[in-house]
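Please treat every number below as a calculation from the coordinates, not as lab data. Predicted model, so just to flag it, every value in this text is computed and none were measured. Please note: Cβ atoms are built from the backbone with ideal geometry, for glycine as well, and neighbour counts cover all protein chains shown.
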Amino acid sequence: MRTVEITSARRHAGPQAMYLDHATIVTPDLDSTRRFFVDIAGLEAGARPPFGIAGDWLYANGRAVIHLVDATIPAQTGRSVPRIDHIAFRIDTRHAWDALLSRLDGARVRYQIAEVPLSGEIQVFVALAPGVVVEFVTALDYPRDPHQPISGE
């Protein structure tokens, strides 16, 4: 494996040209996974190119940020590791944060909450399926003690 040294000038060269585009989740249960992202996370189902396998594209602010793919095709050798550990969505308004927590609680979706050390950001983690975790994070002041159990746990 070849390593590349990143110089200080390169790291601070100005605006980045690369941004997170989307995350792809291969799942044996497209319907439940789609419902979670639409009904709980608040994404919108939208147009998807006609690939040769079933799936969905889910949108936030007009961008297809989650690509779901049906896992009925046998896995290719060597495709399980490395893997993406989780997907994170940042929430910047109190209304959106409270609405998310209400939808999680209303749907009885189990979740864990944590505070990011030093930053004070709050994270909510949802295990969507074995090996697929969705994080929601906010820098908003949070009224609950993140070390106390909450209704989603």
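Descriptive notes on the structure:
- Within segment 19-73, percent of DSSP bridges classed antiparallel, to nearest 5: 65
- Taking Lys and Arg as +1 and Asp and Glu as -1, the other residues whose beta-carbon sits under 11 Å from that of Ala60 total +1.
- Cβ charges +1 (Lys, Arg) and -1 (Asp, Glu), total dipole of segment 19-73, debye: 120
- Prolate/oblate/rounded label for segment 19-73 (Cα gyration tensor, a/c 1.5): oblate
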